[in-house]
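Notes follow once the structure below has been shown.
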Protein chains: 2
Amino acid sequence: MAVKIAVVAPSCTLKREAAEAVLAIADDRGDCELAIHPQCFLEDGHFAGPDSARLEALREVMADPAVDAVWFARGGYGSNRIAEAALTDLPSAARDKVYLGYSDAGFLHAGLQKAGLSAVWGPMPQDAVRQGGEAAVSRALDWFVKRDSSALEPSLQMPAMAFNLTVLGSLLGTVLEPDLAGVDLLIEDVSEHHYRIDRTMFHLTASPNVRKVARLRLGRVGDIPSNDPDFGRDESAIVEEWCVRSGIPYGGRADIGHDVDNRVVPFGAADR
Amino acid sequence: MAVKIAVVAPSCTLKREAAEAVLAIADDRGDCELAIHPQCFLEDGHFAGPDSARLEALREVMADPAVDAVWFARGGYGSNRIAEAALTDLPSAARDKVYLGYSDAGFLHAGLQKAGLSAVWGPMPQDAVRQGGEAAVSRALDWFVKRDSSALEPSLQMPAMAFNLTVLGSLLGTVLEPDLAGVDLLIEDVSEHHYRIDRTMFHLTASPNVRKVARLRLGRVGDIPSNDPDFGRDESAIVEEWCVRSGIPYGGRADIGHDVDNRVVPFGAADR
């Protein structure tokens, strides 16, 4: 029986061409059924519709027992505005499915993990319009359908979690913050200056919760704006330095990022 | 007797022309003596010298009983890297002076306030090279020399504090975070997209400490990069919405910002 995957957009609007591309990929496979919620195409300023519409669509698919997986359409910004409400008074059907995405979806992932639901880091439908994006989207579908271990980040030590660095920094101290004790914590970022990465690492590594991770690993940091003058060290040196300063074991590089090579990281156990 | 003001640069390098301009202004006044520490002109990647040099210069002027005031040369980024060390084992002379600056200096201000020292938000030497910057610099000097109340932000209710929004968000949960209970909290920002302001307000207003402020007021938000699509609401609506969502009294606009009209905000009592 085909795996039923519902696509909603808690952050920004899904591009029509991305939706068409990902539907064609799913159709070719024949092992999954993609239901792209019309909310994905709403537009309200920065967002895929007002908070109320994004929340309603998300709650609807969470509560649907026929839905096996919820796939976040894309990142951008905005899921934090509805995450707390989305996780209130959870219907039982919400606990029987997995939730996959990355970037801004991290606000939801954090809250889902905290609530005991199955969050998964991985490529999203919007990635279909990247050059070579079919491979990224297929990796997510392989994991949805077959729990294909070749889709996974190759060096995970369970339990693991993955976050965009800036998103993780922004959810510390909020009701969404999950317990990070003993976690293989993977971070990545995009479009942030080196000085911002340094500042966010200062903030992150000051957290007593973050200091309890088993290790911290750095994925790719893409599209770094130029710093004038040059910052003087790269993202790897920055992250390693703050790990040393805070006593967090630095685990080296991780195979995640805002790109088509982005891998899957199931929060918690690998066989979830 | 002329007020002795020591200038150090805990963040980025002071421009030579700014130093010359501010020295000329002080010289013309004749009521203050400006000692610009040579560390201000060091360059080490992004910073005004390595952490060790910036820390040493700051500790030196803090410990000097002949210094009446410490003036932070400019912002940028980097004072967070030395703030904790700067505030360890404080010499008694450090407690007899005021510390003035804004923007990235907020990391130090937070720690100074927490340690019971006198932090003050206000224009910095680097502002001398802004168009109309002499007025800004003179406002700071008027406050140093005469505690001139016309230099103050006009609607302060004591105790008050002022921070760059992004800096304040980055110091929450760190050892620098001061007690904000009952404070007239002024925030401002520069060069941040509306979506980033929204995200930082989400983070800020989730803090139980921030929720104890007497009121939150919004200064100017300058140089906002364009959002595609348009975010849909302005910075004032963003800040007011998060105040409503979190139960923080919104106090309207404040007369501070990254510009020559930036006013002075003494942390704690007005006559400090």
Simple label model, 7 Å out from Cα along Cβ direction - B:R211 to B:E60, nm: 4.6 nm
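Peptide A:259-266: average number of partner chain Cβ atoms within 10 Å per residue? Each step should come with its number before you reach the end.
On the way: counts 0, 0, 0, 0, 0, 0, 0, 0.
The per-residue average across the peptide is 0.
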Between 0 and 90 degrees, rounded to the nearest ten: what's the tilt of helix B:51-62 against the longest Cα principal axis of chain B? 70 degrees
Between the Cα axis of helix B:235-246 and the main Cα principal axis of chain B, the angle (0 to 90°, nearest 10) is 70 degrees
Other copies of B:Q131: label-to-label distances in nm, shortest first, labels 7 Å along the beta-carbon direction: 4.0
Cα to Cα, under 18 Å, and not fewer than 8 places away if on the same chain: which lysines meet these conditions relative to A:K114? A:K97, A:K212
Axis-proximal residue, chain A, for the rotation superposing A on B (Cβ, Å): A:G173, 3
Label 7 Å beyond Cα on the Cβ vector: A:G30 copy-to-copy distances, nm: 9.6
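About the Cα centre, and with charges only on the beta carbon of Lys, Arg (+1) and Asp, Glu (-1), how big is the dipole of chain A? Nearest 20 debye, please. Walk me through the intermediate numbers first.
On the way: 27 positive and 40 negative charges, 141 e Å.
For chain A, the charge dipole is close to 680 debye.
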Using only the Cα atoms, work out Rg/Rh for segment B:3-150, with Rh taken as the Kirkwood radius, to two decimals. 0.93
How long are the three semi-axes of the equivalent ellipsoid of segment B:56-118, in whole Å, if each is the root of 5 times an eigenvalue of the C-alpha gyration tensor, listed from largest down? 17, 12, 11
Computed [θ] at 222 nm, helices only, for chain B once each DSSP H run of length n ≥ 4 contributes -39500 (n - 2.57): -9500 deg cm²/dmol
Given N residues in chain B, what is its alpha carbon radius of gyration divided by 2.2 N^0.38 Å? 0.95
How far apart are the A:R211 label points across copies, placing each 7 Å from Cα toward Cβ, in nm, shortest first? 2.4
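Please list A:75-82, A:98-105, A:206-213, B:257-264 highest first by mean number of surrounding beta-carbon atoms within 10 Å per residue.
Values: A:75-82: 24.1, A:98-105: 26.2, A:206-213: 17.6, B:257-264: 20.9.
Descending mean neighbour count gives A:98-105, A:75-82, B:257-264, A:206-213.
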Quick check: the distance between the Cα centres of segment B:45-106 and segment B:200-248, to the nearest angstrom? 29 Å
Taking every DSSP beta bridge that has both residues in the protein assembly as shown, what percent is antiparallel when rounded to the nearest 5? 10 percent
Can you give me the distance in nm between label points at A:D223 and B:N227, each placed 7 Å from the Cα along the Cα-to-Cβ direction? 1.7 nm
Mind checking the angle between helix A:133-146 and chain A's longest principal axis? C-alpha axes, 0 to 90 degrees, to the nearest 10. 70 degrees
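Rule-based calculations on the coordinates, nothing more; no lab input. On a predicted model such as this, the values are computed, not experimentally measured, just so you know. When we count neighbours, we look across all protein chains shown, and the Cβ atoms used for this are built from the backbone with ideal geometry, even at glycine.
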